[in-house]
Amino acid sequence: MRLLFLLLWRNNFTLFFILLQSICLYLLVRNNRFQQASVLNATNKVVTTTMEGVNYVKEYIHLRDNNNLLAEENAKLRALLNEAQYDNDSSAVTIKDSASIQQYTYLDAKVINNSISHRNNFITLNKGRLQGVLPEMGVITEKGVVGIVNHVSDHYCTVMSLLHKETNISAMIKRNKFFGSLKWEGNDPNYAYLNEIDKTVPIQKGDTIVTTSFSTVFPANIMIGRVEQTLTEPGSPFFKIKVKLSMNFGNLSHVYIVKNLMKQEQEQLEVINKPKEDEQ
């Protein structure tokens, strides 16, 4: 305390000068509208800048929570798209009665492990059996197809990436609806190949490749990529189409797990025809 008094005593003239200057400034601002407005504007600018900085810090702190909320909201919105609906269309002569019922639902998930440099690549997600995940569910993002769920635990699941030798996607050229089978050949993670497209089919570089409605895993018209190059193999009646994948597997963070609510019904019906095909 003694040191404080000594400090004040040694600087009493300086402190007194500051006090008088403060009083003068106060009287000047209070009695002059121009100075009052100038000080008010300067004060508002300082306060606004400070608040912007505080809000930026708060937003950064809550960035992870906000991303999770956005992912959940996107999953709900995706379930409302036309591709997620089953078209129950009936018609008789001129009378047409149509309605849509839910066929696909979407569950957002976070990627916690991923590989792109192996011949068979897998992805691990933070959603599992307790969240309703089952094997053979599709996995996508807003940019395109990611892969297919293969193993599930209570809280996690692994996904057989599109960059896997056993992943086979039913795909078509969106412009003309001709379809084939898309596979990754184990080289560049940016490219896959669409096979079984007849050589009579007109194909252009840049044509969009999407999923078909034949699969019970993915909805139709989910983006896969674009035609990069059309190759011909001697003696084969089909093209081999090089496709530039729309998905960058090197920066996956959030995905959507697709649940087909009618999968079991379709598969049970198709099993009935398999023995007949075998007999032929």
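Could you sort the peptides 229-235, 249-255 by per-residue average Cβ neighbour count (10 Å cutoff), highest mean leading?
249-255, 229-235
Positive end of the charge dipole of the range 103-263 (Lys, Arg +1 and Asp, Glu -1 on Cβ, about the Cα centre): tell me which of W184, G206, V146 has its Cα farthest that way.
Comparing the listed Cα positions along the dipole, G206 ranks first.
Relative contact order of the range 103-263: what whole-number percent is it, with Cα pairs under 8 angstrom and at least 6 residues apart?
Here the relative contact order equals 26 percent.
With +1 on each Lys and Arg Cβ and -1 on each Asp and Glu Cβ, how big is the dipole of the range 103-263 about its Cα centre, in debye rounded to the nearest 20? Don't jump to the answer; show the numbers that get you there.
Values: 18 positive and 12 negative charges, 43 e Å.
About 200 debye.
For the range 207-223, in order, what is each residue's ³J(HN,Hα) by Karplus, 6.51 cos²θ - 1.76 cosθ + 1.60 with θ = phi - 60°, in whole Hz (x at glycine and Pro)?
Here the 3J(HN,Hα) series is 4, 7, 10, 10, 6, 9, 8, 7, 8, 8, 9, 10, x, 6, 6, 7, 4 Hz.
So for the range 103-263, Kirkwood radius off the Cα pairs, Stokes-Einstein at 37 °C and 0.692 mPa s: how many µm² s⁻¹? Please report the intermediate quantities before stating the final value.
On the way: Rh = 15.9 Å.
The calculation lands on 207 µm²/s.
Could you sort the peptides 129-139, 158-168 by per-residue average Cβ neighbour count (10 Å cutoff), highest mean leading?
158-168, 129-139
Read-outs throughout are calculated quantities, based only on the coordinates presented, and are distinct from any laboratory measurement. Please read these numbers as outputs of a predicted model, since none were measured by experiment. Here the Cβ is made from the backbone with ideal geometry for all residues, glycine too, and neighbour counts use every protein chain on show.
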